[in-house]
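What follows is a single structure, written as structure tokens, with notes after it.
The values are calculated or read from the model by the stated rules, or taken from the named source; none is laboratory data. Please read these numbers as outputs of a predicted model, since none were measured by experiment. Don't worry about glycine lacking a Cβ; one is built from the backbone with ideal geometry, like all the others, and counts go over all protein chains shown. All accessible areas refer to the heavy atoms of the entire protein, side chains included, with ligands and DNA or RNA removed. Shrake-Rupley method; radii C 1.70, N 1.55, O 1.52, S 1.80 Å.
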Amino acid sequence: ISSPSGHWDLRRQDDVERFFRINNPEYVFLAAAKVGGIGANSTKKAEFIYDNLMIQTNIIHTAYKTGVKKLVFLGSSCIYPKNPEIPITEDQLMTSALEPSNDAYAIAKIAGIKMCQAYRQQYGFNAISLMPTNLYGPNDNFDLESSHVLPALIRKCHEGKDNVSVDMGGPYMHPIDLWGDGSPMREFLHVDDLAEACYKCMQDYEGEEHINVGTGEDVTIKELAETIVKVTGYQNYYQWDSSKPNGTPRKVLNVDKIKSLGWEPKIGLREGIESTYEWYLENEV
């Protein structure tokens, strides 16, 4: 978080307390987190569990101490077991083992849910938890070392269009490598739809149990890649690197609970990818 003096480190309790003293918020949307794709989650587990535990612990506790009226904590659908029943309902939390590649991040987010519940039960603090599915959109992270699959594919396809060399006297376009085998199924939600869901739940949801936020529909990573190839205009072939992990085989949320509040996602996947690519061209290239 930016501040007049430069930067707030939300892992530091004194920084968080100073932020609350200066700004005196009445309502808090806790979206700050250390996040990344399957590669970052697999190789930086210490940072993922430490940073997230510190950020959410400091903010939730300080929000309670300073009299915040309501807090919305954002987690992730990776809190659920590796092989859940599909679609994933909220009551499947902690019913079996997590996906090993992102278990550190998942455990931190589960701790955040339990902290909100504990502060509600013991202190009457009005804290609720939302678990969104895979997010994408403007201001996404397109760093290939730490990004999620959708922005990573956008960047790879865009840069692949210009990756041409001369081979045997003629132009040759280098293929791009995609992780896994393309079979895992994932659900994707545009950040603007999530923002509306957060606002709706801040107004209307008072439950202790966390609530899923998604579209209720999923696609294979192969289908996602094919869509991004079309949107970006990438014309060369791509190859799957099966030595890289697939992650959870399928992950799509049951969103009946949030839809009962009157919320529905509005942005289709193709439309969302097109607008995200436009933002990437204008801001990142």
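Things to note:
This table checks each residue for (1) polar (S, T, N, Q); (2) in contact (Cβ under 8 Å) with a residue 24 or more places away in the chain; (3) within 24 Å of Ala31 (Cβ to Cβ).
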| site | (1), (2), (3) |
| --- | --- |
| Glu209 | no, yes, yes |
| Glu217 | no, yes, yes |
| Glu226 | no, no, no |
| Thr248 | yes, yes, yes |
| Ile258 | no, yes, yes |
| Leu269 | no, yes, yes |
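- Filtered residue count, segment 31-64, keeping only those that are of a type outside the set (A, V, I, L, M), outside any helix (DSSP H, G or I) and under 24 Å from Ala118 (Cβ atoms): 1
- Just so you know, in segment 238-285 the residues that are of a type in the set (Val, Ile, Thr) and modelled with pLDDT of 95 or more include one that is nearest to Asn139 (Cα to Cα), and it is Thr276.
- Among the strands (runs of 3 or more DSSP E) confined to segment 167-285, the ones with at least 1 residues that are open to solvent by 30 Å² or more (accessible area, probe 1.4 Å) are located at 170-173, 176-179, 238-241.
- Residue within segment 4-16 that is open to solvent by 80 Å² or more (accessible area, probe 1.4 Å), within 28 Å of Glu196 (Cβ to Cβ) and not aliphatic (A, V, I, L, M) present: no
- Members of segment 20-29 found to be in contact (Cβ under 8 Å) with a residue 60 or more places away in the chain and either on the phi > 0 side of the Ramachandran plot or under 16 Å from the mean Cα position of the chain (by Cα) (or both), listed by number: Phe29
- Pairs are defined by a Cβ separation below 6 Å, a sequence spacing of at least 6 or placement on different chains, a first member in segment 174-185 that is closer than 11 Å to Val219 by Cβ, and a second member that is at pLDDT below 90 and surrounded by fewer than 18 Cβ atoms within 10 Å (Cβ to Cβ); the pairs so defined are Pro184/Asn246; Pro184/Pro249; Met185/Arg250.
- The set of residues in segment 30-56 that are at pLDDT below 90, of a type in the set (Gly, Ala, Ser) and touching a strand residue (DSSP E or B) at 6+ places or on another chain (Cβ under 8 Å) contains only Gly39.
- Within segment 69-82, one or more residues are buried (at least 18 other Cβ atoms within 10 Å of the Cβ), over 30 Å from Lys244 (Cα atoms) and touching a residue at least 60 places away in the same chain (Cβ under 8 Å).
- Enumeration of residues in segment 105-146 that are under 15 Å from the mean Cα position of the chain (by Cα), small (Gly, Ala, Ser) and surrounded by fewer than 21 Cβ atoms within 10 Å (Cβ to Cβ): Ser146
- Looking across segment 219-236, the residues that are touching a Pro at 6+ places or on another chain (Cβ under 9 Å) and farther than 11 Å from Leu178 by Cα come down to Thr220, Asn236.
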